[in-house]
Amino acid sequence: MARRPASERAGIPLNVFFMTTPKKPLTILLASPRGFCAGVDRAIQIVERAIERYGRPVYVRHEIVHNRFVVENLEAKGAIFVDELDEVPDDRPVVFSAHGVPKSVPAEAGRRNLLYVDATCPLVSKVHRESERHAASGRTVILIGHAGHPEVIGTMGQLPPGVVLLVEDVEQAEQIEVADPLNLAYATQTTLSVDDTTEIVAALRRRFPAIQGPKLEDICYATTNRQAAVKAIAGRCDALVVIGAPNSSNSMRLVEVAANYGCARSRLVQRAADMDWAWLGDAQRLGITAGASAPELLVDELIEACRARYDVTVEEVRTTEESVVFKLPRALVA
(Lines give C-alpha, C1' and ligand atoms only; values in the text may rest on other atoms or scores of the structure.)
Protein backbone atom coordinates (compact mmCIF):
# COMPACT_ATOMS: atom_id res chain seq x y z
CA MET A 1 0.00 0.00 0.00
CA ALA A 2 1.34 3.47 -0.97
CA ARG A 3 2.67 5.54 1.91
CA ARG A 4 0.76 8.76 2.50
CA PRO A 5 2.66 12.10 2.34
CA ALA A 6 3.94 13.37 5.66
CA SER A 7 1.61 16.34 5.42
CA GLU A 8 -1.46 14.09 5.30
CA ARG A 9 -0.19 11.92 8.15
CA ALA A 10 0.13 15.09 10.23
CA GLY A 11 -3.39 16.10 9.32
CA ILE A 12 -2.20 19.09 7.23
CA PRO A 13 -3.76 19.46 3.75
CA LEU A 14 -1.15 19.25 1.00
CA ASN A 15 -1.99 22.70 -0.45
CA VAL A 16 -1.49 24.32 2.97
CA PHE A 17 1.75 22.46 3.66
CA PHE A 18 3.46 23.98 0.65
CA MET A 19 2.14 27.52 1.10
CA THR A 20 4.82 30.16 1.71
CA THR A 21 4.45 32.93 4.23
CA PRO A 22 3.18 36.03 2.40
CA LYS A 23 5.62 38.93 2.15
CA LYS A 24 4.98 41.90 4.35
CA PRO A 25 4.00 45.09 2.47
CA LEU A 26 6.61 47.82 2.15
CA THR A 27 6.05 51.19 0.54
CA ILE A 28 9.21 52.81 -0.80
CA LEU A 29 9.16 56.59 -0.98
CA LEU A 30 11.76 57.33 -3.63
CA ALA A 31 13.17 60.85 -3.35
CA SER A 32 13.72 62.74 -6.58
CA PRO A 33 16.04 64.35 -7.57
CA ARG A 34 18.67 61.91 -6.31
CA GLY A 35 21.98 60.46 -7.44
CA PHE A 36 24.40 61.84 -10.01
CA CYS A 37 24.71 65.59 -10.41
CA ALA A 38 26.05 67.32 -13.52
CA GLY A 39 29.51 67.79 -12.01
CA VAL A 40 29.88 64.10 -11.14
CA ASP A 41 28.57 63.00 -14.52
CA ARG A 42 31.06 65.32 -16.24
CA ALA A 43 34.00 64.09 -14.12
CA ILE A 44 33.28 60.44 -14.92
CA GLN A 45 32.94 61.23 -18.62
CA ILE A 46 36.28 63.04 -18.51
CA VAL A 47 38.07 59.94 -17.22
CA GLU A 48 36.32 57.70 -19.76
CA ARG A 49 37.10 60.07 -22.66
CA ALA A 50 40.70 60.41 -21.53
CA ILE A 51 41.11 56.62 -21.59
CA GLU A 52 39.59 56.49 -25.09
CA ARG A 53 41.84 59.29 -26.34
CA TYR A 54 45.15 58.51 -24.65
CA GLY A 55 44.87 54.77 -24.04
CA ARG A 56 45.37 52.79 -20.84
CA PRO A 57 46.32 53.66 -18.22
CA VAL A 58 45.13 57.15 -17.33
CA TYR A 59 46.05 58.28 -13.83
CA VAL A 60 43.59 60.07 -11.55
CA ARG A 61 44.72 62.10 -8.56
CA HIS A 62 42.45 61.08 -5.67
CA GLU A 63 39.03 59.48 -6.12
CA ILE A 64 37.39 61.18 -9.10
CA VAL A 65 34.19 61.25 -7.00
CA HIS A 66 33.49 59.74 -3.59
CA ASN A 67 32.00 56.40 -4.57
CA ARG A 68 33.84 53.06 -4.61
CA PHE A 69 31.49 51.52 -7.18
CA VAL A 70 32.30 54.32 -9.62
CA VAL A 71 36.02 54.16 -8.87
CA GLU A 72 36.19 50.39 -9.35
CA ASN A 73 34.28 50.62 -12.66
CA LEU A 74 36.78 53.19 -13.92
CA GLU A 75 39.69 51.07 -12.71
CA ALA A 76 38.33 48.18 -14.79
CA LYS A 77 38.36 50.49 -17.84
CA GLY A 78 41.97 51.53 -17.33
CA ALA A 79 42.12 54.25 -14.68
CA ILE A 80 44.74 54.17 -11.93
CA PHE A 81 43.96 56.20 -8.83
CA VAL A 82 46.84 57.74 -6.88
CA ASP A 83 47.23 60.03 -3.91
CA GLU A 84 49.84 62.42 -5.30
CA LEU A 85 51.46 63.44 -8.58
CA ASP A 86 54.78 61.79 -7.73
CA GLU A 87 53.04 58.45 -8.39
CA VAL A 88 52.25 59.46 -11.99
CA PRO A 89 54.82 58.52 -14.68
CA ASP A 90 56.09 61.37 -16.87
CA ASP A 91 54.64 59.84 -20.03
CA ARG A 92 51.05 59.28 -18.88
CA PRO A 93 48.11 61.71 -18.54
CA VAL A 94 46.54 62.55 -15.20
CA VAL A 95 43.04 63.75 -14.30
CA PHE A 96 42.32 65.96 -11.28
CA SER A 97 39.22 65.02 -9.28
CA ALA A 98 35.86 66.79 -9.28
CA HIS A 99 36.55 68.24 -5.82
CA GLY A 100 39.23 70.61 -7.09
CA VAL A 101 42.93 70.89 -6.24
CA PRO A 102 45.25 73.53 -4.77
CA LYS A 103 47.09 75.67 -7.32
CA SER A 104 50.31 73.89 -6.41
CA VAL A 105 49.07 70.69 -8.10
CA PRO A 106 48.65 71.97 -11.70
CA ALA A 107 51.82 74.03 -11.16
CA GLU A 108 53.75 70.86 -10.35
CA ALA A 109 52.15 69.05 -13.30
CA GLY A 110 53.24 71.91 -15.55
CA ARG A 111 56.78 71.85 -14.18
CA ARG A 112 57.00 68.15 -15.08
CA ASN A 113 55.34 68.72 -18.47
CA LEU A 114 52.61 66.25 -17.54
CA LEU A 115 49.53 66.08 -19.71
CA TYR A 116 46.70 66.81 -17.31
CA VAL A 117 42.94 67.29 -17.49
CA ASP A 118 41.10 69.18 -14.75
CA ALA A 119 37.74 67.57 -13.84
CA THR A 120 36.96 70.11 -11.11
CA CYS A 121 33.22 70.72 -10.95
CA PRO A 122 32.44 74.12 -12.50
CA LEU A 123 30.52 75.10 -9.37
CA VAL A 124 33.62 74.45 -7.26
CA SER A 125 35.69 76.44 -9.76
CA LYS A 126 33.20 79.28 -9.28
CA VAL A 127 34.01 79.32 -5.55
CA HIS A 128 37.72 79.41 -6.39
CA ARG A 129 37.31 82.43 -8.67
CA GLU A 130 35.11 84.27 -6.14
CA SER A 131 37.71 83.73 -3.42
CA GLU A 132 40.48 85.02 -5.69
CA ARG A 133 38.42 88.09 -6.57
CA HIS A 134 37.86 88.92 -2.90
CA ALA A 135 41.54 88.42 -2.08
CA ALA A 136 42.53 90.71 -4.97
CA SER A 137 40.31 93.38 -3.38
CA GLY A 138 42.16 93.02 -0.09
CA ARG A 139 39.55 90.97 1.72
CA THR A 140 40.13 88.03 4.03
CA VAL A 141 37.93 85.09 3.01
CA ILE A 142 36.08 83.01 5.59
CA LEU A 143 35.39 79.60 4.09
CA ILE A 144 32.50 77.63 5.59
CA GLY A 145 33.32 73.94 5.23
CA HIS A 146 34.69 70.73 6.74
CA ALA A 147 38.39 70.56 7.60
CA GLY A 148 40.27 67.96 5.59
CA HIS A 149 37.66 67.59 2.85
CA PRO A 150 39.33 67.62 -0.60
CA GLU A 151 37.14 70.50 -1.77
CA VAL A 152 38.13 72.63 1.22
CA ILE A 153 41.82 71.80 0.72
CA GLY A 154 41.47 72.78 -2.95
CA THR A 155 39.69 76.05 -2.24
CA MET A 156 42.07 77.14 0.51
CA GLY A 157 44.95 76.21 -1.78
CA GLN A 158 43.92 78.82 -4.35
CA LEU A 159 45.36 81.58 -2.17
CA PRO A 160 48.42 82.13 0.04
CA PRO A 161 48.31 80.84 3.64
CA GLY A 162 46.32 83.05 6.00
CA VAL A 163 44.13 84.64 3.33
CA VAL A 164 41.40 82.00 3.77
CA LEU A 165 40.13 81.16 7.26
CA LEU A 166 38.05 78.03 7.84
CA VAL A 167 34.85 77.98 9.90
CA GLU A 168 33.07 74.65 10.44
CA ASP A 169 30.11 75.53 12.65
CA VAL A 170 28.21 78.30 14.44
CA GLU A 171 30.44 78.07 17.51
CA GLN A 172 33.54 78.76 15.44
CA ALA A 173 31.72 81.57 13.62
CA GLU A 174 31.02 83.18 17.00
CA GLN A 175 34.66 82.93 18.09
CA ILE A 176 36.72 83.64 14.97
CA GLU A 177 38.94 86.71 15.13
CA VAL A 178 39.89 88.69 12.03
CA ALA A 179 42.41 91.47 11.47
CA ASP A 180 40.05 93.80 9.60
CA PRO A 181 36.30 93.28 10.13
CA LEU A 182 35.52 95.80 7.37
CA ASN A 183 37.34 93.78 4.71
CA LEU A 184 35.79 90.35 4.88
CA ALA A 185 34.02 87.94 2.54
CA TYR A 186 32.68 84.43 2.92
CA ALA A 187 32.43 81.42 0.65
CA THR A 188 31.09 77.93 1.27
CA GLN A 189 31.89 74.35 0.42
CA THR A 190 29.35 73.24 -2.18
CA THR A 191 28.13 70.10 -0.39
CA LEU A 192 27.05 71.41 3.01
CA SER A 193 23.74 71.26 4.83
CA VAL A 194 21.65 74.18 3.60
CA ASP A 195 20.15 74.71 7.06
CA ASP A 196 23.47 74.56 8.94
CA THR A 197 25.13 76.92 6.48
CA THR A 198 22.29 79.44 6.80
CA GLU A 199 22.85 79.52 10.58
CA ILE A 200 26.61 79.99 10.19
CA VAL A 201 26.18 82.79 7.65
CA ALA A 202 23.67 84.49 9.96
CA ALA A 203 26.20 84.40 12.81
CA LEU A 204 28.93 85.86 10.59
CA ARG A 205 26.65 88.62 9.28
CA ARG A 206 25.62 89.56 12.80
CA ARG A 207 29.24 89.79 13.99
CA PHE A 208 30.61 91.35 10.79
CA PRO A 209 27.87 93.43 9.11
CA ALA A 210 30.22 94.51 6.30
CA ILE A 211 31.04 90.94 5.26
CA GLN A 212 30.47 90.22 1.57
CA GLY A 213 29.17 86.99 0.11
CA PRO A 214 27.97 85.47 -3.14
CA LYS A 215 24.73 86.72 -4.65
CA LEU A 216 23.55 83.12 -4.48
CA GLU A 217 24.81 80.64 -1.90
CA ASP A 218 27.75 78.55 -3.08
CA ILE A 219 25.98 75.33 -2.06
CA CYS A 220 25.37 73.65 -5.39
CA TYR A 221 21.95 73.21 -6.96
CA ALA A 222 22.19 69.40 -6.69
CA THR A 223 23.00 69.44 -2.98
CA THR A 224 20.12 71.84 -2.36
CA ASN A 225 17.67 69.83 -4.47
CA ARG A 226 18.54 66.49 -2.90
CA GLN A 227 18.16 67.88 0.59
CA ALA A 228 14.77 69.40 -0.33
CA ALA A 229 13.60 66.04 -1.69
CA VAL A 230 14.59 64.29 1.56
CA LYS A 231 12.78 66.96 3.59
CA ALA A 232 9.64 66.23 1.55
CA ILE A 233 9.56 62.53 2.45
CA ALA A 234 11.32 62.26 5.83
CA GLY A 235 8.22 62.92 7.92
CA ARG A 236 6.31 60.16 6.10
CA CYS A 237 8.99 57.47 6.54
CA ASP A 238 9.53 54.87 9.26
CA ALA A 239 13.12 54.53 8.06
CA LEU A 240 15.25 56.20 5.41
CA VAL A 241 18.34 54.99 3.55
CA VAL A 242 20.84 57.21 1.76
CA ILE A 243 22.91 55.35 -0.81
CA GLY A 244 26.39 56.84 -0.79
CA ALA A 245 29.91 56.67 0.57
CA PRO A 246 30.94 57.53 4.14
CA ASN A 247 33.53 60.02 2.79
CA SER A 248 30.88 61.75 0.66
CA SER A 249 29.95 65.04 2.33
CA ASN A 250 26.70 65.52 0.41
CA SER A 251 25.57 61.95 1.24
CA MET A 252 26.28 62.34 4.96
CA ARG A 253 24.37 65.61 4.99
CA LEU A 254 21.31 63.81 3.56
CA VAL A 255 21.35 61.42 6.53
CA GLU A 256 21.42 64.39 8.89
CA VAL A 257 18.63 66.17 7.03
CA ALA A 258 16.41 63.08 7.21
CA ALA A 259 16.93 62.82 10.97
CA ASN A 260 16.27 66.54 11.47
CA TYR A 261 13.06 66.48 9.44
CA GLY A 262 11.18 63.64 11.05
CA CYS A 263 12.92 60.32 10.36
CA ALA A 264 15.18 59.49 13.29
CA ARG A 265 15.85 56.02 11.83
CA SER A 266 18.06 57.12 8.93
CA ARG A 267 21.40 55.78 7.81
CA LEU A 268 23.97 55.60 5.03
CA VAL A 269 24.31 52.39 2.99
CA GLN A 270 26.93 51.99 0.26
CA ARG A 271 24.95 49.37 -1.65
CA ALA A 272 22.30 46.66 -1.19
CA ALA A 273 24.79 44.05 0.06
CA ASP A 274 25.52 46.32 3.04
CA MET A 275 21.86 46.69 4.06
CA ASP A 276 21.07 45.62 7.63
CA TRP A 277 17.59 44.15 7.25
CA ALA A 278 17.20 43.66 11.00
CA TRP A 279 17.66 47.43 11.39
CA LEU A 280 14.70 47.97 9.06
CA GLY A 281 12.59 45.96 11.49
CA ASP A 282 8.83 46.44 11.17
CA ALA A 283 9.07 49.57 8.99
CA GLN A 284 6.20 49.90 6.53
CA ARG A 285 7.41 53.01 4.71
CA LEU A 286 11.05 53.19 3.63
CA GLY A 287 12.55 56.33 2.16
CA ILE A 288 15.37 55.91 -0.36
CA THR A 289 17.62 58.53 -1.89
CA ALA A 290 21.18 58.65 -3.21
CA GLY A 291 24.02 61.12 -2.83
CA ALA A 292 25.23 63.12 -5.83
CA SER A 293 28.08 60.69 -6.50
CA ALA A 294 25.99 57.49 -6.35
CA PRO A 295 24.78 55.95 -9.65
CA GLU A 296 21.12 55.08 -10.21
CA LEU A 297 22.15 51.45 -10.66
CA LEU A 298 22.75 51.22 -6.91
CA VAL A 299 19.24 52.59 -6.24
CA ASP A 300 17.73 49.93 -8.53
CA GLU A 301 19.85 47.28 -6.80
CA LEU A 302 18.47 48.21 -3.36
CA ILE A 303 14.87 48.31 -4.58
CA GLU A 304 15.28 44.81 -6.07
CA ALA A 305 16.74 43.56 -2.77
CA CYS A 306 13.65 44.97 -1.04
CA ARG A 307 11.38 43.20 -3.55
CA ALA A 308 13.02 39.89 -2.67
CA ARG A 309 11.94 40.34 0.96
CA TYR A 310 8.78 42.46 0.83
CA ASP A 311 5.71 43.11 -1.23
CA VAL A 312 6.99 46.44 -2.52
CA THR A 313 5.11 49.47 -3.78
CA VAL A 314 7.25 52.32 -5.10
CA GLU A 315 6.06 55.93 -4.86
CA GLU A 316 8.41 58.48 -6.41
CA VAL A 317 8.24 61.90 -4.78
CA ARG A 318 9.65 64.56 -7.10
CA THR A 319 10.24 68.07 -5.81
CA THR A 320 11.92 69.63 -8.86
CA GLU A 321 13.29 68.89 -12.33
CA GLU A 322 16.99 69.13 -13.14
CA SER A 323 18.38 69.92 -16.57
CA VAL A 324 21.90 71.16 -15.80
CA VAL A 325 24.67 69.88 -18.08
CA PHE A 326 28.33 70.90 -17.93
CA LYS A 327 30.52 70.91 -21.03
CA LEU A 328 33.58 68.68 -21.26
CA PRO A 329 37.06 70.22 -21.61
CA ARG A 330 37.91 71.16 -25.20
CA ALA A 331 40.89 68.79 -25.23
CA LEU A 332 38.52 65.82 -24.95
CA VAL A 333 35.89 67.05 -27.39
CA ALA A 334 37.86 68.08 -30.48
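The values are calculated or read from the model by the stated rules, or taken from the named source; none is laboratory data. This one's a predicted model, so the numbers in the text were calculated from it and none came from an experiment. Cβ sites come from the backbone with ideal geometry, for glycine too, and all protein chains shown count toward neighbours.
Assorted remarks:
This table checks each residue for (1) buried (at least 24 other Cβ atoms within 10 Å of the Cβ); (2) outside any strand (DSSP E or B); (3) not assigned by TED's automatic domain parsing to the domain that holds D83; (4) not basic (K, R).
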| site | (1), (2), (3), (4) |
| --- | --- |
| I44 | no, yes, no, yes |
| V47 | yes, yes, no, yes |
| A50 | yes, yes, no, yes |
| R53 | no, yes, no, no |
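- Selection from region 259-308 of residues that are in contact with a Leu (Cβ under 8 Å, 6 or more places away or on another chain), among the charged types (D, E, K, R) and under 17 Å from T27 (Cβ atoms): R265, R285
- The single condition among (1) outside any strand (DSSP E or B); (2) surrounded by 24 or more Cβ atoms within 10 Å (Cβ to Cβ); (3) β-branched (V, I, T) that T224 does not satisfy is (2).
- For region 60-71, the criterion of being at pLDDT 95 or above, assigned to a strand (DSSP E or B) and not assigned by TED's automatic domain parsing to the domain that holds R112 is met by none of the residues.
- Qualifying positions in region 61-88 - more than 20 Å from the chain's Cα centre (by Cα) and surrounded by 20 or more Cβ atoms within 10 Å (Cβ to Cβ): A79, L85, V88
- Subset of region 263-288 (residues that are surrounded by fewer than 18 Cβ atoms within 10 Å (Cβ to Cβ), touching a Ser or Thr at 6+ places or on another chain (Cβ under 8 Å) and within 24 Å of F69 (Cα to Cα)): L268
- Residues that are surrounded by 24 or more Cβ atoms within 10 Å (Cβ to Cβ) and over 28 Å from S97 (Cβ atoms) within region 227-262 comprise I233, C237, L240, listed in sequence order.
- Positions within region 134-154 being in a loop (DSSP other than H, G, I, E, B), of a type in the set (A, V, I, L, M, F, W, C) and either over 27 Å from N250 (Cβ atoms) or in contact with a Cys (Cβ under 9 Å, 6 or more places away or on another chain) (or both), in sequence order: none
- Sole residue being touching a Lys or Arg at 6+ places or on another chain (Cβ under 7 Å) and of a type in the set (A, V, I, L, M), chosen from V117, V127, V152, V94: V94
- Filter result (under 24 Å from F36 (Cα atoms) and free of Cβ contacts under 8 Å to residues at least 40 places away in the same chain) within region 86-115: V94, F96
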